[in-house]
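Notes follow the structure.
Values quoted throughout were computed directly from the atomic coordinates according to the rules given, and no laboratory measurement underlies them. As the structure is a prediction and not an experimental result, all values here were calculated from the model. All Cβ positions, glycine included, derive from the backbone under ideal geometry; neighbour counts span all protein chains shown.
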Amino acid sequence: MSSVIYEPETTGLVLIDTVNDIFSEGGKGYPLFKDEFARIGVLENLGRLLAGARERRMPVFFCPMSYTEEDFTTWRHLSGIHQEMYEKRMFEAGSWGADFHPRLGPRPGEITIVPHKNIDVMANTDLDVQLRQHGVEYVAVGGMIGTLCVESTVRSAMERGYHVTTFTDATAAIGGEDAYEAMVRRYRLISHATLDVEEFLAASGRSVRPG
């Protein structure tokens with residue numbers, strides 16, 4: 001259990017790439033994670049995490065990825081993961097695949113970050129600014145992919161001085177159970193706390209914000 005009490009006034013939930021291409025049957029990336037999602041219960045856990053954050057009036061920051069036709073056709077230096085995404089036309093802007101999963105998208109008035117194109121969401125979006133403008137000091141990060149976007153964003157948040165929490169059951173890795181176990185070990189090194197969803201919600205207080 002966490003020794004930290006997460007006060008909603010200073011805690012933000014960051015959800016990365018909770019879109020159809022990853023979480024919906026028919027999504028271009030879904031087959032890579034289907035078995036791990038079932039083993040860990042990722043979709044259900046993310047749904048409980050999001051509902052719990054809303055119940056506590058904790059700000060939620062939705063961080064989608066998307067690429068335009070110009071991105072697909074003009075980028076000169078493609079990393080391995082970009083080559084794979086571009087070959088499959090994953091996260092294509094304006095497509096169903098880049099839309100939020102019906103259970104994991106923002107409601108009116110919630111915060112959607114400018115779509116990211118690289119692995120670290122902090123690197124070239126307004127996430128850092130939005131967190132600071134909303135008074136967030138404690139950042140909890142879930143979503144996908146656990147070994148890429150989530151891990152890179154967690155490292156950046158830690159290095160920017162945030163208290164960072166990662167989850168054991170609200171993400172998954174490429175490579176199955178062995179890769180997952182290695183990912184969790186790294187999380188414990190680069191995070192201030194690594195919890196499951198129930199532990200995090202149990203350690204989260206109730207908001208005193210009106211409304």
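Here the Gaussian network model covers the chain, with springs between Cα atoms less than 10 Å apart; of His134, His192, His101, His134 fluctuates the most. Note on the chain: with a GNM built from Cα contacts shorter than 10 Å, the maximum mean-square fluctuation among Val14, Val154, Val114 falls on Val114. Overall shape: rounded for the stretch 11-202, with the ratio a/c of the largest to smallest alpha carbon gyration tensor axis below 1.5. Only helices enter this figure: runs of n ≥ 4 DSSP H residues, each worth -39500 (n - 2.57), summed and divided by the residues of the chain, yield -11000 deg cm²/dmol at 222 nm to the nearest 500. Comparing Asp128, Asp169, Asp71 in a Gaussian network model of the chain (Cα springs below 10 Å), the most mobile by mean-square fluctuation is Asp71. Taking 0.36 nm per residue of separation and subtracting the current Cα-Cα distance, fully stretching the chain between Ala202 and Glu110 would add 30.8 nm. Here is the list for the stretch 64-137: trypsin sites (Lys or Arg not before Pro) lying in DSSP coil, each with at most 12 other C-beta atoms within 10 angstrom of its C-beta, are Arg76. DSSP beta bridges confined to the chain are antiparallel in about 5 percent of cases.
With the cut-off at 1.5 for a/c, could you classify the stretch 107-177 from its C-alpha gyration tensor as rounded, prolate or oblate? In terms of gyration-tensor shape, prolate.
Our note on the geometry: Cα centres of the stretch 1-23 and the stretch 57-75, 18 Å apart.
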